[in-house]
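One structure is given below, encoded as structure tokens.
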Amino acid sequence: MVQCLRMANVPIRPIREYILLLTQGGKTILKRSFMVQEYIDDLHNQMTNLQSALALTEKKLEFYDKLLQTPTAQDLAYLEEWDLFKSKGERNGYSPNYWNYQRNWKSICRKICKHGEQLNPCIKK
């Protein structure tokens, strides 16, 4: 079980707590059961997030492949490219939640485009 917890990126402190409970025997089975259920729930959430990230990344690669066939693609600014990518996704039936992974980057890039500065100075503002 400890190896499974490590593979699931559970921090050392909760693993130590689990081991301590394990050494205390049967009186801690309920507590350990709750801990394991929490780990399972967390793994399901991680898997859902990874599947969403993978789907978005695959769509982005597909978008780039199509964009590379367009002669004017090199002239696109980031926000123009983002709007084009987003509009194609919305036409294909993706929900607004599909775009949450890039929301923060869009905000940062707006600052970069607005100020004409590098990434680090923009983030500090």
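The values are calculated or read from the model by the stated rules, or taken from the named source; none is laboratory data. These numbers were taken from a predicted model, which means no experiment stands behind them. Please note: Cβ atoms are built from the backbone with ideal geometry, for glycine as well, and neighbour counts cover all protein chains shown.
Before moving on, here are some points about what is shown:
- Boolean, Tyr18 is touching a Lys or Arg at 6+ places or on another chain (Cβ under 8 Å) and among the hydroxyl-bearing types (Ser, Thr, Tyr): yes
- Sole exception among (1) at pLDDT below 85; (2) surrounded by 12 or more Cβ atoms within 10 Å (Cβ to Cβ) for Ser95, by number: (2)
- Being surrounded by 10 or more Cβ atoms within 10 Å (Cβ to Cβ) and either at pLDDT 85 or above or hydrophobic (A, V, I, L, M, F, W, C) (or both) holds for only one residue in Lys86, Lys59, and it is Lys59.
- Here Ser33, Ser52 are screened, and the one residue that is modelled with pLDDT of 90 or more, farther than 30 Å from Ser87 by Cβ and among the small types (Gly, Ala, Ser) is Ser33.
- Residues satisfying the stated conditions in region 34-80, i.e. more than 30 Å from Leu22 (Cα to Cα), among the aliphatic types (A, V, I, L, M) and over 20 Å from the mean Cα position of the chain (by Cα): Leu67, Leu68, Ala73, Leu76, Ala77, Leu79
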